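Please see the structure below; I have some questions.
No value in this document is a laboratory result; all are computed from the given coordinates. Note that this is a predicted model, so its numbers are computed, not measured. Don't worry about glycine lacking a Cβ; one is built from the backbone with ideal geometry, like all the others, and counts go over all protein chains shown.
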Amino acid sequence: MKVYLNILVVLISFCTVAQTPVITASKQQEITDYLKHFEDNNALLGSLSIFEEGEEIMNHALGSVSADSETKYQIGSISKLFTAVLLAQLKEENKIDFKESLKAYFPKIPGAEEIELVNLLNHTSGLQDFVVKQDSIYFWLKKPVKQEEILDEIVRQGPAFKPGDSVRYSNAGYYLLARILEQKYKKPYEEILAEKIAKPLGLKNTFSLSGKTTYENTAISYEKKDSIWVPVEEFYFPNVQGVGDIISTVYDLNSFMNALFSNTILKAETLEMMLPKDTDWFGMGVMKVPFYNYIAYGHGGDTYGTHSVTSYNPENQLGITYVINGEGYPTNNFAIGLLSIIYDKDYTLPELKTYIPNPSFYKTYAGTYTSSELPIAITIFQKEDTLMAQGEGQSAFELTPKSKHVFEYLKAGIHITFDPYAETFIFKQGGQEFQLKKE
């Protein structure tokens, strides 16, 4: 689940000759060597699984913190894909209509009479991100919150536009869909997931977090500080049930995607209805992202410290799932390198040595920066030996140096490049880029 701005993650499809393996023995070795490069430099923690024609051909846990093939991870917004499939199953049983109005379920939501369930599924409802309360991401939902409080926040925010007029990734929309499932089945979301998907498919390590149960061998999230992996404070995940709360393994996620695209849990025509069409990025719970000229389907998921992607290419029955729960190197760049190996594209092993910044520049960076394109000012300041950033009205966060004048805050996917001579910096997040100038 996105905690600040939704960041699209690279997925992949593959072009291959029929019956010719995509992942050959030599390619497996190349992938293993690629993963070892990150392990040897203690740059990433997590797991990777690759399926081909319904069978797992690679499963690799990487990093200094112990993990194995049955390690469960927080999969963030991949949970939305499960929620969408559960809704689609109801539709196949003629127990729900995607053209129904939200008013039938949540009449207090502003504009509910105009919002259809399909708008919630494909992020065209205009509803916003209840995870962000009053422009702060740091204190809301880290402790148990009553459902009434979350619904009040969704009501307070209201829609940003009329349904169908635009696309805006909406955690609020999927929170409401999960609650609609509970209304229809008259039971908790975690029981619905278990009965309708996990148990029928034999996904023995896939669970929705209700707050009542803990599960052994579940990985936590980490961030690196002074070359040491330090645990990250995460959401209280039951607050985002059906939106970003599910834990699973990379094996289970690939198994789920294989079952979905082999029409084990949905009819072919239902799945086709859910897929993104033409130039759309989002379908009904399914994301489409190009890699070169090819397309795969799946979903990405981010928490404060864990980053996941599950994808499936129906053309050659290739499934790839990875979860990174310790990001000392940008996950997107890791994915591009991995996919470049699989696609026989040129790539270079990244330089992973720790960059040592020149702190004499910190004083020149310090100041308050603004842009006409951003609604808030950002203040840069030095705190002892670290460089800090703080959005107006928000909590300060530490910037990690990556190269000369380049810093990042991986937890929110923020990248900042300073030009101390022009007194500006380039701010990048979620595929967007802004130039801010010192006041």
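Per-residue ellipticity at 222 nm for the chain, helices alone: DSSP H runs ≥ 4 residues times -39500 (n - 2.57), over residue total, nearest 500 deg cm²/dmol?
-7000 deg cm²/dmol
For the range 359-438, what ratio Rg/Rh do Cα atoms give with a Kirkwood hydrodynamic radius?
So for the range 359-438, dividing Rg by the Kirkwood Rh gives 0.91.
How high is the relative contact order of the chain, in percent, counting Cα pairs under 8 Å that sit 6 or more residues apart?
Averaging sequence separation for qualifying contacts and normalising by length gives 22 percent for the chain.
Normalised by the residues of the range 359-438, what does the relative contact order come to in percent, with Cα pairs under 8 Å and at least six apart?
Working: 147 pairs, mean separation 18.0, N = 80.
Reported as a whole number, the value is 23 percent.
Could you work out the Rg to Rh ratio of the range 68-217, with Rh taken as the Kirkwood radius (inverse of the mean 1/r over all Cα pairs)? The partial results should precede the final answer.
On the way: Rg = 15.9 Å, Rh = 16.4 Å.
Ratio of gyration radius to Kirkwood radius: 0.97.
Given all pairs of different Cα atoms, what value in angstroms does the Kirkwood hydrodynamic radius of the range 146-291 take?
By the Kirkwood definition, the hydrodynamic radius is 17.8 Å.
Moving on to the next point. Taking 23 Å as the cut-off for C-alpha to C-alpha distance, list the pairs among K186/K288; K142/K184; K142/K224; K72/K267; K36/K353 that go past it.
Listed pairs above 23 Å: K186/K288; K142/K184; K72/K267.
Apply the Karplus curve 6.51 cos²θ - 1.76 cosθ + 1.60, θ = phi - 60°, to the phi angles in the range 193-200 and return the couplings in whole Hz, x for Gly and Pro.
Running phi through 6.51 cos²θ - 1.76 cosθ + 1.60 with θ = phi - 60° gives 4, 5, 6, 9, 10, 4, 5, x Hz.
What is the pair-distance distribution P(r) of the range 244-396, computed from all Cα-Cα distances in 10 Å bins starting at 0, with each bin given as a whole percent?
8, 26, 27, 21, 14, 3, 0
Return a whole-number percent for the relative contact order of the range 30-157, with Cα pairs under 8 Å and 6 or more residues apart as the contact set.
Relative contact order for the range 30-157 comes out at 13 percent.
Then there is this: Could you tell me the calculated FRET efficiency between Q432 and Y185, based on Cβ-Cβ distance and R0 = 41 angstrom, to the nearest 0.05?
Computed FRET efficiency for Q432 and Y185 comes out at 0.60.
Hey, what's the Kirkwood Rh for the chain if you take every pair of different alpha carbons, in angstrom?
22.6
Report, as a whole number in µm² per second, the diffusion coefficient that Stokes-Einstein gives for the range 237-295 at 37 °C and 0.692 mPa s using the Kirkwood radius over alpha carbon pairs.
Translational diffusion coefficient: 246 µm²/s.
Cut-off is 10 Å between beta-carbons; in what order do T206, T424, T310 appear when sorted fewest neighbours first?
Working: T206 24, T424 16, T310 28.
In increasing order of surrounding Cβ atoms, one gets T424, T206, T310.
Just to check I understand the Karplus step: with θ = phi - 60° and J = 6.51 cos²θ - 1.76 cosθ + 1.60, what whole-Hz values come out for the range 53-63, glycine and proline as x?
6, x, 10, 6, 10, 8, 8, 9, 9, 10, x
Right, here's the next one. Translational D (Stokes-Einstein, µm²/s) of the range 152-206 at 4 °C and 1.567 mPa s when Rh comes from the Kirkwood sum over C-alpha pairs? Numbers along the way, then the final one.
Numbers: Rh = 13.5 Å.
It diffuses with D of about 96 µm²/s by this estimate.
If packing is taken as the mean number of other Cβ atoms within 10 Å per residue, what is the order of 213-219, 57-63, highest first?
Ranking, from highest mean packing down: 57-63, 213-219.
Based on the Cβ-Cβ distance of Y215 and E384, what FRET efficiency does E = 1/(1 + (r/R0)^6) give at R0 = 51 Å, to the nearest 0.05?
0.85
Quick one: Karplus J couplings for the range 34-40, per residue in order, coefficients 6.51, -1.76, 1.60, θ = phi - 60°, nearest Hz, x for Gly and Pro?
The phi angles translate into 5, 5, 5, 4, 6, 5, 4 Hz.
In addition: If you rank D302, D165 by fewest surrounding Cβ atoms within 10 Å, what's the result?
Lowest to highest Cβ neighbour count: D165, D302.
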